[in-house]
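Chemist: One structure, as structure tokens, below. Some questions next.
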Amino acid sequence: MVRLHSPLILSEVEGLKTFKMEHKPVMSVEVSESLNLRPGCVVLDCTIGTGGHSELILKKIMPKGRLIGVDRDKESLDYSRQRLASFTDAVTLVHNNFRNIGDILNTAGVDKVDAMLFDLGISSYQLDTPERGFSIKNDAPLDMRMDQSSYISAYDLVNNLTEDEISSIIKTFGQERWHNRIARYMVSARNAQPIATTGQLSSIIIRAIPKGFNRSRIHPATRTFQALRIAVNRELESIEEALRKSLDYLNIGGRISVISFHSLEDKIAKNTFKRFVKEARAKLIQAKSGISDIRAKPEIASPEEIEDNPRSRSAKLRTIERLE
Ligand SMILES: C[S@@+](CC[C@H](N)C(=O)[O-])C[C@H]1O[C@@H](n2cnc3c(N)ncnc32)[C@H](O)[C@@H]1O
């Protein structure tokens, strides 16, 4: 029997301080060039988060523009609602998974849009809200749900899946070399008591990785945390489904940009776009160089942006334009 959600409440986790950091939109100059935004455009921001990209988009599409902003996370939508209050008439916010793109546009009363943006993963706002349980930095209940109304949390996966299932998640979604050991240590720890917090999980992972193999710049638990987050939110399935459907909801000449943060996400964008190009339904766009052929490489953040916002270091931006 799967137990849903961590039985811990926030105040039970010692020393937990709540603070929230504003999310800096990544590659915003490149995004607004890639999307070819003009006054009057209708834009679907599939991952509105705290509204950083949307605010910049709105400035480009007004007057007469319209923005539909989507997020699975209600708290982020509330944040965006306040941030974008001065554009109220032009903005429709929808709480949904972007994989339901048809329903989302239907709710907004729109058939097709001129531009779509997918800025994948989680925001700094979510990461730095300890009670969401995404971060290794704070000891908090093991949650990791992007949509707080969904049923399965990281607690459920970690404490109920078999060792093989855990190992396979860590291998596939975290590309973690020590997946077998980490899963074994997790199962042995939970036999004594459930693994209830990010801190407990993080120390188990540190113990599982053999000493001397811990030399990378990133925290040893980073890959496992990424894997669990992807599994809890079934992220890759959503991206695949949304991108597969996306062209059908785009006007001819309209553009789709995807910003990804790891190779699993980027591979889906790359392969889906390649397929569209092969079917002669779209062309690849590289805003900076004006290249629009099949070899177009993803764009990356400038050294200045990486210096200012280290999160942009792993960002890759891919764009297509609908042809027919
Ligand atoms: C990187 S943040 C976006 C930040 C945003 N561009 C900004 O400037 O504030 C990604 C957002 O996408 C949301 N998200 C991720 N997957 C989603 C999905 N399948 N459906 C809807 N929203 C999703 C997350 O909840 C998060 O708020």
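FYI, it's all coordinate maths here, none of it is from the lab. Just so we're clear, the structure is a prediction, and the values are computed from it rather than from any experiment. Don't worry about glycine lacking a Cβ; one is built from the backbone with ideal geometry, like all the others, and counts go over all protein chains shown.
Chemist: Could you pull out the longest piece of the chain with no exposed loop chymotrypsin sites (Phe, Trp or Tyr not before Pro) in it, calling a site exposed if DSSP puts it outside H, G, I, E, B and it has at most 13 other Cβ atoms within 10 Å? Mind dumping the intermediate values first?
Modeler: Working: sites that count: Phe19, Tyr151, Phe213.
Here the longest segment lacking exposed loop sites spans 20-150.
Chemist: If I stretch the segment between Ala192 and Ser263 completely, what's the gain in nm (0.36 nm per residue apart, minus their alpha carbon distance), one decimal?
Modeler: Working: separation 71, 0.36 × 71 = 25.56 nm, distance 3.58 nm.
Going from the current span to full extension adds 22.0 nm.
Chemist: Taking the Cα atoms of region 67-128 alone, what are Rg (to one decimal) and Dmax (as a whole number) in Å?
Modeler: Cα only, region 67-128: 11.9, 36 Å (Rg, Dmax).
Chemist: Counting only DSSP beta bridges with both residues in the chain, tell me the antiparallel percent, nearest 5. Mind showing how you got there, number by number?
Modeler: On the way: 13 of 31 bridges.
DSSP beta bridges in the chain are roughly 40 percent antiparallel.
Chemist: Thinking of region 36-102 as a set of Cα atoms, what percent of all their pairs are more than 19 Å apart? Show your work: numbers first, answer last.
Modeler: Working: 524 of 2211 pairs.
In whole percent, the long-distance tail amounts to 24.
Chemist: Let's test the formula: R0 of 25 Å, r as the Cβ-Cβ distance of Glu324 and Arg38. What FRET efficiency results, to the nearest 0.05?
Modeler: On the way: r = 21 Å, r/R0 = 0.85.
Efficiency computed from Cβ-Cβ geometry: 0.75.
Chemist: Using the alpha-carbon atoms, what tilt in degrees (0 to 90, nearest 10) does helix 222-233 show relative to the longest principal axis of the chain?
Modeler: Helix 222-233 and the main axis of the chain meet at about 70 degrees.
Chemist: Of Arg275, Arg145, Arg66, which has the largest mean-square fluctuation in a 10 Å C-alpha GNM of the chain?
Modeler: Looking only at Arg275, Arg145, Arg66, the biggest GNM fluctuation is shown by Arg275.
Chemist: How big is region 92-135 by the Kirkwood estimate over distinct Cα pairs, in Å?
Modeler: Numbers: mean 1/r = 0.0791 Å⁻¹.
Radius from the Kirkwood sum: 12.6 Å.
Chemist: Once all Cα-Cα distances of region 167-230 are split into 10 Å bins that start at 0, what whole-number percent is in each one?
Modeler: 23, 60, 17, 0
Chemist: If amide hydrogens are placed 1.01 Å from N in the peptide plane, which non-local residues have theirs closer than 5 Å to the one on Gly254?
Modeler: Residues meeting the criterion, in which the H sits 1.01 Å from N, are Arg322.
Chemist: Using only the alpha-carbon atoms of the chain as identical scatterers, what base-10 log of I(q)/I(0) does the Debye formula give at q = 0.11, 0.15 Å⁻¹?
Modeler: The Debye formula, applied to the Cα set alone, gives -0.72, -1.23.
Chemist: Between Thr50, Thr129, Thr172, where does the largest GNM mean-square fluctuation fall for the chain, given springs only between Cα atoms within less than 10 Å?
Modeler: Taking springs between Cα atoms under 10 Å, the residue moving most is Thr172.
Chemist: Given a Förster distance of 22 angstrom, what is the FRET efficiency for Asp308 paired with Ser216, based on the Cβ-Cβ distance and rounded to 0.05?
Modeler: Values: r = 24 Å, r/R0 = 1.07.
So the FRET efficiency works out to roughly 0.40.
Chemist: I'd like the Karplus ³J(HN,Hα) series for region 245-259: coefficients 6.51, -1.76, 1.60, θ = phi - 60°, whole numbers in Hz, and an x wherever there's a Gly or Pro.
Modeler: 7, 4, 4, 5, 10, 10, 5, 4, x, x, 10, 10, 10, 10, 9
Chemist: Compute and list, largest first, the equivalent-ellipsoid semi-axes of region 196-324 from the alpha carbon gyration tensor, each √(5λ) rounded to a whole angstrom.
Modeler: Taking √(5λ) for each eigenvalue gives 35, 18, 11 Å, largest first.
Chemist: A follow-up question, please. Tell me the Kirkwood hydrodynamic radius of region 81-161 in angstroms, computed as one over the mean inverse distance between distinct C-alpha pairs. Don't skip to the answer; put the middle values down first.
Modeler: Numbers: mean 1/r = 0.0647 Å⁻¹.
One decimal place: 15.5 Å for the Kirkwood radius.
Chemist: Percent of Cα-Cα pairs per 10 Å bin, from 0 to the last occupied bin, for region 116-222, please list those.
Modeler: That works out to 14, 45, 34, 6, 1, in percent per bin.
Chemist: Hey, can you grab everything whose amide H is under 5 Å from the amide H of Gln148? Only 5+ residues off in sequence or another chain; H modelled, so Pro and N-termini drop out.
Modeler: Residues meeting the amide H criterion: Lys74.
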